[in-house]
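The values are calculated or read from the model by the stated rules, or taken from the named source; none is laboratory data. Computed from a predicted structure; not experimentally measured. Glycine also receives a Cβ, built like all others from the backbone with ideal geometry; neighbour counts cover every protein chain displayed. Ligands, DNA and RNA are excluded from the accessible area calculation, which covers all protein heavy atoms including side chains. Shrake-Rupley method; radii C 1.70, N 1.55, O 1.52, S 1.80 Å.
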Amino acid sequence: MAVENIQGKYITFADGEYVIPDNPLVGALAGDGIGPDIWSATQMVLDAAVEKAYAGKRKICWQPLAAGEAAFAATGSYLPETTLAAIAKLRIAIKGPLSTPTGGGIRSLNVALRHHFDLYACIRPVRYYEGVPSPMKRPGDLNVVIFRENIEDVYAGMEWVAGSEEAEALGDYLRDKLQAKLRPGSALGIKPVSPEGCKRLIRSAIQYAIDNGRKMVTMVHKGNIMKFTEGAFCQWGYDLAKAEFSDQVITEDELMTKYQGVPPSGKIILNDRIADAMFQQLLLRPSEYDVLATLNLNGDYLSDACAAQVGGLGIAPGANVGDGIAIFEATHGTAPKYAGLDKVNPGSLILSGKMMFDFMGWNEAGLLVEKALQKAILGRKVTYDLARQMEGGEEVSCSAFGKLIVAAM
Ligand code: NAP
């Protein structure tokens with residue numbers, strides 16, 4: 001039965017599984033700056049993909065939610081309680097970029113959302129789409145999915161201004177009780193890294209690899225220097241694999257000692273790499289890597305570096321996922337100079353929609369989106385960012401690019 005006229009139903013979450021009705025209510029936060037432009041193109045593409053894939057049997061019932069500058073103008077809050085309550089009930093949402101309000105003590109609305117909902121895994125798949133201008137000789141060799149811990153590490157928001165009462169008090173404690181050598185007047189920050197926080201992130205990376213036929217999970221860390229935080233991240237990952245995935249996962253050491261370097265079929269290899277070496281590895285031997293698990297700061301750097309290799313942030317998708325709530329998002333910012341010009345590339349948000357479909361088990365719609373985007377890029381009528389670097393590229397608007405993607409389905 002077609003669902004067109006049926007009111008949407010809530011997505012539910014039980015025993016670690018999302019239950020997705022055929023007409024799910026899904027939150028849509030257009031965002032600030034270029035957000036409304038890219039959201040409008042994205043909505044058109046995602047709706048067309050669902051219609052094409054399921055011929056009216058499935059349909060997303062979008063629930064527009066206010067956040068950012070528009071929300072502030074209407075309610076006096078950048079992140080209204082009603083929006084937070086709605087996301088909690090809807091469980092899955094997609095969002096455009098949000099500008100960071102200046103002043104008012106808010107660091108970033110995105111960080112606020114991640115912390116509010118404990119969205120501990122920032123997931124960024126990075127792969128190449130043929131025809132996208134790239135600085136690399138063989139950009140297609142990179143096809144990784146980065147799982148970045150989203151809550152802890154130096155991003156936990158625990159830092160104090162140099163010379164402040166708090167920094168001085170903490171400095172005194174560290175000097176007196178722990179014999180730390182600290183210059184007076186230092187700014188101080190804390191890097192919390194917990195077993196629970198690391199294990200749940202690495203667990204989701206391993207589970208993703210199992211569910212998606214990936215071959216390897218690499219833990220990226222700087223444990224040679226920060227032994228008790230970054231080093232522990234890596235050790236807890238090995239402990240977790242042994243305790244929870246011993247049937248599915250072998251370590252790189254076991255691969256060499258027990259299997260003579262030949263990966264046994266059906267097993268995922270767990271290894272680790274030092275972060276600085278990893279930046280080189282991803283440039284020089286990208287095809288050797290698959291799923292990456294990282295702490296917060298390393299993952300932030302690494303995901304943008306990887307996105308640059310395949311053509312930049314304009315088409316890099318992302319998601320912030322917790323237990324029972326997932327928010328899919330464009331990875332770039334609000335690019336305010338292009339706001340309202342119908343100019344920028346909607347690819348990042350569109351591919352975040354593809355991720356959302358895959359997450360929901362609507363893989364047919366996800367595949368359609370991805371293939372159509374690839375076809376549209378090969379057609380060389382693209383937004384300015386791609387056109388300016390593409391030989392023979394013709395610039396089209398954001399909405400026109402969206403229509404070309406729909407036409408390519
Ligand atoms: P930005 O908005 O990402 O823009 C930087 C540049 O990236 C743009 O000038 C443009 O390059 C290019 N770009 C970004 N999105 C594009 C798209 N869809 N298509 C084509 N090109 C695109 O970074 P920003 O200027 O540093 O940040 C602006 C605001 O966004 C800040 O308030 C920041 O806090 C916020 N922000 C939000 C998020 C988020 O919501 N997830 C993430 C990052 C930043 P050209 O100038 O070369 O054309």
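Scanning segment 80-116 for residues being in contact with a His (Cβ under 8 Å, 6 or more places away or on another chain) and away from the ligand (no atom under 11 Å from the Cβ) gives a total of 1. Among residues of segment 27-39 that are under 14 Å from Trp62 (Cβ atoms) and without any contact (Cβ under 8 Å) to a residue 24 or more places away in the chain, none has a beta-carbon under 8 Å from a residue that is more than 7 Å from the ligand (Cβ to nearest atom) and open to solvent by less than 10 Å² (accessible area, probe 1.4 Å) at least six positions away or on a different chain. Taking segment 22-43, which residues are of a type in the set (Asp, Glu) and within 12 Å of the ligand (Cβ to nearest atom)? Matches in segment 22-43: Asp32, Asp37.
Listed by position, the helices (runs of 4 or more DSSP H) inside segment 163-268 whose residues that are within 25 Å of the chain's Cα centre (by Cα) number at least 1 are 195-211, 232-244. Across segment 363-404, the qualifying residues are those that are closer than 14 Å to Ala53 by Cβ and out of contact with any Phe, Trp or Tyr (no Cβ under 8 Å at 6 or more places or on another chain), and the one among them that is most open to solvent (accessible area, probe 1.4 Å) is Lys371. From the residues in segment 284-316 that are of a type in the set (A, V, I, L, M) and free of Cβ contacts under 8 Å to residues at least 40 places away in the same chain, which one is nearest to Val132 (Cα to Cα)? My answer is Leu313. Screening Gly68 on (1) surrounded by fewer than 16 Cβ atoms within 10 Å (Cβ to Cβ); (2) closer than 21 Å to Ile350 by Cβ; (3) small (Gly, Ala, Ser) shows it passes everything except condition (1).
Here Thr383 fulfils each of the conditions (1) more than 10 Å from the ligand (Cβ to nearest atom); (2) in contact (Cβ under 8 Å) with a residue 24 or more places away in the chain apart from (1).
Whether any residue in segment 45-52 is on the phi < 0 side of the Ramachandran plot, buried (at least 22 other Cβ atoms within 10 Å of the Cβ) and within 15 Å of the ligand (Cβ to nearest atom) is what I want to check. So far as segment 45-52 goes, yes, one or more of its residues are on the phi < 0 side of the Ramachandran plot, buried (at least 22 other Cβ atoms within 10 Å of the Cβ) and within 15 Å of the ligand (Cβ to nearest atom). Of everything in segment 315-335 that is near the ligand (Cβ under 6 Å from one of its atoms) and either more than 14 Å from the chain's Cα centre (by Cα) or surrounded by fewer than 22 Cβ atoms within 10 Å (Cβ to Cβ) (or both), the residue that is nearest to Gly35 (Cα to Cα) is Thr334.
Contact annotation: residue pairs with Cβ atoms under 6 Å, 6 or more positions apart or on different chains, pairing a residue in segment 248-268 that is closer than 13 Å to Arg214 by Cα with a partner that is open to solvent by 40 Å² or more (accessible area, probe 1.4 Å), are Gln248/Ile210; Ile268/Gln248. Scanning segment 7-30 for any residue that is polar (S, T, N, Q), on the phi < 0 side of the Ramachandran plot and in a helix (DSSP H, G or I) turns up nothing. Of the residues making up segment 99-127, just one is at pLDDT below 95, open to solvent by less than 20 Å² (accessible area, probe 1.4 Å) and touching a strand residue (DSSP E or B) at 6+ places or on another chain (Cβ under 9 Å), namely Leu113.
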